[in-house]
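S.K.: Handing you this structure, nothing more for now.
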Amino acid sequence: MERRVPPLDPQVGAVLAGAGEQAWEVLTPARLAAWQESDAAARSRPTLDQLRDGGRFEVTEVRVPRAEGGGEVTLVSARPAGLGGALPLLYYLHGGGMVSGDAWSVLPRLLRGWALPLGLAVVSVEYRLAPRTRFPGAVEDCYDGLAWVAEHAGELGVDAQRVVIGGKSAGGGLAAALALLARDRGGPAPAGQLLLSPMLDDRGDSFSSHQMAGRDTWDRASNATAWQAVLGDRYGTADVSPYAAPARATDLSGLPAAYVEVGSAETFRDEAVGYADAIWRAGGEAELHVWPGACHGFDTLAPHATLSRDAHAARTAWLRRLLER
């Protein structure tokens, strides 16, 4: 019997058809090794001057000492130029399966899409990537950065009571993990968590994970490669912390308000929906959007599609309401 999958949005589907086989490449361990080697050698990312965009934004790099293990975490701090006072802050964790990506490349869209219209500051975190650094390296980097931001909010010109943690894909999963970690350690208390197509569950046993195998831009095979890189020998065992895979958490009470977004034609669909449901069952607050016909990364692949613009508008509306409380 033929496997049935939700149809793609026509505009998104047209972009994917034009992209050809490259849009459907599966991440294998060999491809990951080659990918990281090329990233390290010749990664193209915007410079600070480029991010400043002719003086529209104030952008600086801050190096924060790690609480354990030595070394530093780099934070890229940005805000619209000329805005005084303590601004609300989006503390952002980039995507890339926890195996790729960087803190600089995500900033142009964040600054244009949210910092300017909402008058907020952004801090983007350069956390360590797997497999060079396995769990808990990335989430600990994110926590150390958040703790530093909360302690130095006055220096940064941000309002420590209006910090939203967020991210897309791996960054969304890290944001959910960070919310759990901050709650359990009695650390900084974010006002909200923005979870966009979050990577929440290493087990890959949801219906949508199987349904969308080979049919999503990030499918269960790519997901397994990334989780194996993050967890090492723990992958596939019962010994996986909810701070690595938040879907494994048994208590989602006491968390900040959540915005959870996923596509109907996406590998992560059911784990994201399940996470929002678990927050509600724990008495928490979550706003859930399942975008019809959206695959993983749809708004990056097809930013001008009506669906992508609608999704951006919904995220922006949630951020505005949250920050006006």
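The values are calculated or read from the model by the stated rules, or taken from the named source; none is laboratory data. Bear in mind the structure is a predicted one, so any value in this text is a computation, not a measurement. When we count neighbours, we look across all protein chains shown, and the Cβ atoms used for this are built from the backbone with ideal geometry, even at glycine.
S.K.: Looking at region 216-256 only, could you name the residues that are among the hydrophobic types (A, V, I, L, M, F, W, C) and farther than 23 Å from CYS295 by Cα?
M.R.: Going residue by residue through region 216-256, those that are among the hydrophobic types (A, V, I, L, M, F, W, C) are 218, 221, 224, 226-227, 229-231, 238, 240, 244-245, 247, 249, 252, 255.
Correct list: ALA229, VAL230, LEU231, ALA238, VAL240, ALA244, ALA249, LEU252, LEU255.
S.K.: If I filter region 109-125 down to residues being in contact with a Leu (Cβ under 7 Å, 6 or more places away or on another chain) and touching a residue at least 40 places away in the same chain (Cβ under 8 Å), which single residue comes out as farthest from PHE57 (Cα to Cα)?
M.R.: Of everything passing the filter in region 109-125, VAL125 is farthest from PHE57 (Cα to Cα).
S.K.: While we're here: Give the residues of region 262-299 that are of a type in the set (A, V, I, L, M) and either closer than 20 Å to TRP218 by Cβ or in contact with a strand residue (DSSP E or B) (Cβ under 7 Å, 6 or more places away or on another chain) (or both), sorted by residue number.
M.R.: Across region 262-299, the qualifying residues are VAL262, ALA265, ALA272, VAL273, ALA276, ILE279, ALA286, LEU288, VAL290, ALA294.
S.K.: Restricting to region 250-266, what's the tally of residues that are in contact with a helix residue (DSSP H, G or I) (Cβ under 6 Å, 6 or more places away or on another chain) and within 12 Å of ASP184 (Cβ to Cβ)?
M.R.: So the answer is 3.
S.K.: Next up: Which of the residues that make up region 190-199 are part of a loop (DSSP other than H, G, I, E, B) and surrounded by fewer than 24 Cβ atoms within 10 Å (Cβ to Cβ)?
M.R.: Residues of region 190-199 that are part of a loop (DSSP other than H, G, I, E, B), as a first pass: 190-191, 197-199.
Residue satisfying the conditions is ALA191 alone.
S.K.: Give me the helices (runs of 4 or more DSSP H) completely within region 211-325, filtered to those with at least 3 residues that are within 28 Å of ARG134 (Cα to Cα) and modelled with pLDDT of 95 or more, ordered by residue number. Break it down stepwise before answering.
M.R.: Numbers: elements: 220-231, 269-281, 298-301, 306-323.
In region 211-325, the matching helices (runs of 4 or more DSSP H) lie at 220-231, 269-281.
S.K.: Where residues in region 242-261 are touching a Pro at 6+ places or on another chain (Cβ under 8 Å) and touching a residue at least 40 places away in the same chain (Cβ under 8 Å), which of them is farthest from ALA221 (Cα to Cα)? Step through it out loud before you land on a result.
M.R.: Looking only at region 242-261, we keep the residues that are touching a Pro at 6+ places or on another chain (Cβ under 8 Å), and these are 243-244, 246, 248-250, 256, 260.
Add one more test, that the residue is touching a residue at least 40 places away in the same chain (Cβ under 8 Å), and what stays is 243-244, 246, 248-249, 256, 260.
On the way: TYR243: 22, ALA244: 19, PRO246: 20, ARG248: 20, ALA249: 23, PRO256: 32, VAL260: 23 Å.
Going through the qualifying residues, I end up with PRO256.
S.K.: Which numbered condition in (1) of a type outside the set (Lys, Arg); (2) under 30 Å from PRO136 (Cβ atoms); (3) in contact with a Lys or Arg (Cβ under 9 Å, 6 or more places away or on another chain) is the only one that GLY97 fails?
M.R.: Only one criterion in (1) of a type outside the set (Lys, Arg); (2) under 30 Å from PRO136 (Cβ atoms); (3) in contact with a Lys or Arg (Cβ under 9 Å, 6 or more places away or on another chain) is unmet by GLY97, namely (3).
S.K.: Here's another thing I want to ask about it. State whether one or more residues within region 76-96 are of a type in the set (S, T, N, Q) and either more than 17 Å from PRO198 (Cα to Cα) or touching a His at 6+ places or on another chain (Cβ under 7 Å) (or both).
M.R.: Yes, because at least one residue in region 76-96 is of a type in the set (S, T, N, Q) and either more than 17 Å from PRO198 (Cα to Cα) or touching a His at 6+ places or on another chain (Cβ under 7 Å) (or both).
S.K.: For region 9-59, enumerate the residues that are among the polar types (S, T, N, Q), closer than 30 Å to SER264 by Cβ and in contact (Cβ under 8 Å) with a residue 24 or more places away in the chain.
M.R.: Selection gives GLN11, THR28.
S.K.: Let me ask you something else. Where the second residue is of a type in the set (Asp, Glu) and at pLDDT 95 or above and the first is part of a strand (DSSP E or B) and surrounded by fewer than 21 Cβ atoms within 10 Å (Cβ to Cβ) and lies in region 156-169, which pairs have Cβ atoms under 9 Å and are six or more apart or on separate chains?
M.R.: What qualifies is ALA160/GLU151.
Let's see how each residue does on (1) modelled with pLDDT under 95; (2) in a helix (DSSP H, G or I); (3) of a type outside the set (A, V, I, L, M, F, W, C); (4) farther than 20 Å from ARG309 by Cα:
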site	(1), (2), (3), (4)
GLN11	no, yes, yes, no
ALA23	yes, yes, no, yes
ASP49	no, yes, yes, yes
VAL62	no, no, no, yes
SER77	no, no, yes, yes
MET98	no, no, no, yes
GLY101	yes, no, yes, yes
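S.K.: Assess whether GLN50 counts as being farther than 23 Å from ALA150 by Cα and surrounded by fewer than 17 Cβ atoms within 10 Å (Cβ to Cβ).
M.R.: Yes; evaluated as a whole, the condition is true for this residue.
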